[in-house]
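Below is one structure, written out as structure tokens, with a few remarks after it.
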Amino acid sequence: NSEIAYLKLRDLEVDEAKCEVLKEGKVLDLTAREFELLVFFMRNPEKVFSREFLLDKIWDYEYYGEMRTVDVTVSRLREKLSDDPNEYIVTKRGMGYYFKKD
């Protein structure tokens, strides 16, 4: 497997083999979906992804009219990452979400 097993961006560290995320050395309690979403964002920083794309890529199903699934997961992930909701994952109005590199 040539996939990256360890990612580090800003003060976040991801060990994919252990399915573990550390922020400033402390383990974050993430669901499997939150973990997958964060890893995807960290592998693709500064790129905007639509809700439809994320549903297909992370949840592995087509758009059937319900985007709240993505919004709720992003919201929960933001809460676990920081008190500032836009510190890591930013909403690009009308377009989707992206992960801030700096």
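Annotations for the structure displayed:
- Tabulated pairs, region 53-75, first farther than 17 Å from THR91 by Cβ and assigned to a loop (DSSP other than H, G, I, E, B), second charged (D, E, K, R) and modelled with pLDDT of 80 or more, C-beta under 9 angstrom, 6+ apart or interchain: GLU62/GLU52; GLU62/ASP56; TYR63/ARG51; TYR63/GLU52; TYR63/ASP56
- Among the residues making up region 5-43, those that are among the aliphatic types (A, V, I, L, M) and either without any contact (Cβ under 8 Å) to a residue 12 or more places away in the chain or assigned to a loop (DSSP other than H, G, I, E, B) (or both) are ALA5, ALA17, LEU22, VAL27, LEU28, LEU30.
- Residue list for region 15-33, filter: in contact with a strand residue (DSSP E or B) (Cβ under 9 Å, 6 or more places away or on another chain) and either among the basic types (Lys, Arg) or under 17 Å from TYR98 (Cβ atoms) (or both): LYS23
- The set of residues in region 29-44 being surrounded by fewer than 17 Cβ atoms within 10 Å (Cβ to Cβ) and under 15 Å from TYR6 (Cβ atoms) consists of ARG43 alone.
- Single unsatisfied condition, SER2 versus (1) among the hydroxyl-bearing types (Ser, Thr, Tyr); (2) at pLDDT 95 or above; (3) in a loop (DSSP other than H, G, I, E, B): (2)
- Residue within region 56-79 that is of a type in the set (Gly, Ala, Ser), surrounded by fewer than 16 Cβ atoms within 10 Å (Cβ to Cβ) and modelled with pLDDT of 95 or more present: yes
The values are calculated or read from the model by the stated rules, or taken from the named source; none is laboratory data. No experiment lies behind these values; they were computed from the predicted model shown. Note that we place each Cβ from the backbone using ideal geometry, even for glycine, and neighbour counts take in every protein chain shown.
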